[in-house]
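**Q** Would you mind keeping the following structure in view while I ask a few things?
Each value in this text was obtained by applying a stated rule to the coordinates, not by laboratory testing. Fair warning: this is a prediction, and the values are worked out from it, not measured in the lab. As a convention, Cβ positions derive from the backbone with ideal geometry for all residues, glycine included, and neighbour counts pool all protein chains shown.
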Amino acid sequence: MGMPQATQRWTAEMVRALPADGNRYEVVAGELFVTPAPNFDHQAAVLSVAMRLAPYVAAHRLGYALTSPADIEFDEEDLVQPDVFVTPRIAGRRPRQWSEIKMLLLAAEVLSPSTARADRTVKRRLFQRVGVPEYWILDVAARLVERWRPGDERPEILTDTLAWHALPAGREGGPLVIDLPKLFSEILEG
């Protein structure tokens, strides 16, 4: 009778060494996650959210609104590729490489059957643990957004309006407001 094999703990370095085969590879707390290329609705949702975030982030000089693929490495056992994210400037300038990004102002994932477990549990816990102020999970099929903050034990479920209050204290300007019925209508009905 053989001894049970220990589960391999993955690192960001090991993930970066994997072949470019069309899959998305991420590691959270040493656990490897592999997901296939996303479908059309998923990518339409990513683009729609990014197009709403980018002008707000630029106008208020918060940093940069970006989409994956992007290797965001919080430590050697945590490398993720959020669908949409906002990174602040690094020492007052634009990041030159992914490895410089060690914090996010916002992370957003669009649910798909192959990513739902990781997005709602493993990645959510990671983003909460590293202090990402807001984590959005877009459920396009249900036409809702789950909003998570670092101390939350349950998400705030939003179906009408998503307001992102990202400006630091003392900065003028209101929140970014996203009309969710309009967003989901654009994604699903084009």
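**Q** Output wanted: per-residue J couplings in Hz (rounded whole) for region 70-75, from phi through Karplus 6.51 cos²θ - 1.76 cosθ + 1.60, θ = phi - 60°, x for Gly and Pro.
**A** 6, 8, 9, 10, 7, 7
**Q** Continuing with the same structure: If packing is taken as the average count of other Cβ atoms within 10 Å, what order do 8-21, 143-156 fall into, highest mean first?
**A** Peptide ranking by packing, descending: 143-156, 8-21.
**Q** Consider all pairwise Cα distances in region 53-116 and report the whole-number % of them above 15 Å.
**A** Tail of the P(r) past 15 Å holds 51 percent of the pairs.
**Q** Given points 7 Å out from each Cα along the Cα-Cβ axis, report the residue 129 to residue 96 separation in nanometres with one decimal.
**A** 3.1
**Q** Taking the convex hull of the Cα atoms, report for region 39-189 its projected area averaged over all directions, in nm². Mind dumping the intermediate values first?
**A** Values: hull surface 36.2 nm².
About 9.0 nm², averaged over all directions.
**Q** While we're looking at this one, here's another question. How much mean residue ellipticity at 222 nm does the chain get from its helices, if each DSSP H run of length 4 or more adds -39500 (n - 2.57) and you divide by all residues, to the nearest 500 deg cm²/dmol? Don't jump to the answer; show the numbers that get you there.
**A** On the way: 4 runs with 42 residues, N = 190.
Rounded to the nearest 500, the figure is -6500 deg cm²/dmol.
**Q** Here's something else I'd like to know. Using the alpha carbon gyration tensor of region 89-160, what are the three equivalent-ellipsoid semi-axes (square root of 5 times each eigenvalue), largest first, in whole Å?
**A** Value: 24, 13, 12 Å, ordered largest first.
**Q** Per residue of region 149-163, what does 6.51 cos²θ - 1.76 cosθ + 1.60 with θ = phi - 60° give for ³J(HN,Hα)? Whole Hz please, x for Gly and Pro, Karplus curve as stated.
**A** Karplus values, whole Hz, x for Gly and Pro: 10, x, x, 5, 9, 9, x, 8, 9, 10, 10, 9, 9, 10, 10.
**Q** How large is the Kirkwood hydrodynamic radius of region 137-184, in angstrom, based on all distinct alpha carbon pairs?
**A** Numbers: mean 1/r = 0.0835 Å⁻¹.
Kirkwood hydrodynamic radius for region 137-184: 12.0 Å.
**Q** For a protection proxy built on the mean count of beta-carbon atoms within 10 angstrom, sort 96-108, 172-184 highest first, please.
**A** 96-108, 172-184
**Q** Kirkwood Rh over Cα pairs of region 14-62 into Stokes-Einstein at 10 °C, 1.306 mPa s: D in µm²/s?
**A** Approximately 119 µm²/s, per Stokes-Einstein.
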